[in-house]
Amino acid sequence: MLKIVCRGKMKEHFYRNAEEEYRKRIEKFIPIEITERDAAAHHRCTYHIYLDERGEEMDSRSFSHLLKELLLHHKTICFFIGGWEGFTERERERADRILSLSKMTFPYQLCRVVLLEQIYRALTMIKGISYQK
């Protein structure tokens, strides 16, 4: 199972529509839960990935390989997206891995959509399904 834990709320309808579309696509492969709550709160996850602009960057193929390995060895993989202030050092220390979507800074709402798109892309690579969108 995948969980995305988001500190900020998704208000804009265009982001919500994109999030819902990718959530539906992902659920064809694996259950996914998206919650809006304090990212620092305790969550039942076997692997914690924090998204931070100072984290490790990887291309889509590398992310696909990482996700495949994690899905083989972990029951619940959680991705954490901070709000406009990001994460504290204490929060970052809880992470099993820290990833960056880009060296550029994006609104956390857009990060949610980009992460979902990359998860969907990774799952299609894992399953050997063509994805040109």
I'm checking my understanding of the structure. Among residues of the range 93-127 that are closer than 22 Å to Met1 by Cα and among the charged types (D, E, K, R), which one is surrounded by the most Cβ atoms within 10 Å (Cβ to Cβ)? Arg112
List every residue pair whose Cβ atoms lie under 6 Å apart, where the two residues are 6 or more positions apart in sequence or sit on different chains, the first residue falls within the range 91-117 and is in contact (Cβ under 8 Å) with a residue 40 or more places away in the chain, and the second residue, located anywhere, is of a type in the set (Gly, Ala, Ser) and loosely packed, with under 15 Cβ neighbours inside 10 Å. Tyr108/Gly83
Checking Arg37 against (1) out of contact with any Ser or Thr (no Cβ under 8 Å at 6 or more places or on another chain); (2) at pLDDT 95 or above; (3) not polar (S, T, N, Q), only one condition comes out false. Which one? (2)
If I go through the range 48-89 residue by residue, how many of them are farther than 17 Å from Pro107 by Cβ, β-branched (Val, Ile, Thr) and in a strand (DSSP E or B)? 2
Taking the range 57-92 and keeping only residues that are out of contact with any Ser or Thr (no Cβ under 6 Å at 6 or more places or on another chain), surrounded by 12 or more Cβ atoms within 10 Å (Cβ to Cβ) and among the acidic types (Asp, Glu), one is left with Glu91
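Being among the charged types (D, E, K, R) and either over 20 Å from Met10 (Cα atoms) or in contact (Cβ under 8 Å) with a residue 40 or more places away in the chain (or both) is the filter here; which residues of the range 28-79 pass it? Full working, then the answer.
Step one: list which residues in the range 28-79 are among the charged types (D, E, K, R), which gives 28, 33, 36-38, 44, 52-54, 56-57, 59, 61, 68-69, 75.
Result: Lys28, Arg44, Asp52, Glu53, Arg54, Glu56, Glu57, Asp59, Arg61, Lys68, Glu69, Lys75.
The values are calculated or read from the model by the stated rules, or taken from the named source; none is laboratory data. Computed from a predicted structure; not experimentally measured. FYI the Cβ positions are ideal-geometry reconstructions off the backbone, even for glycines, and counts take in every protein chain you see.
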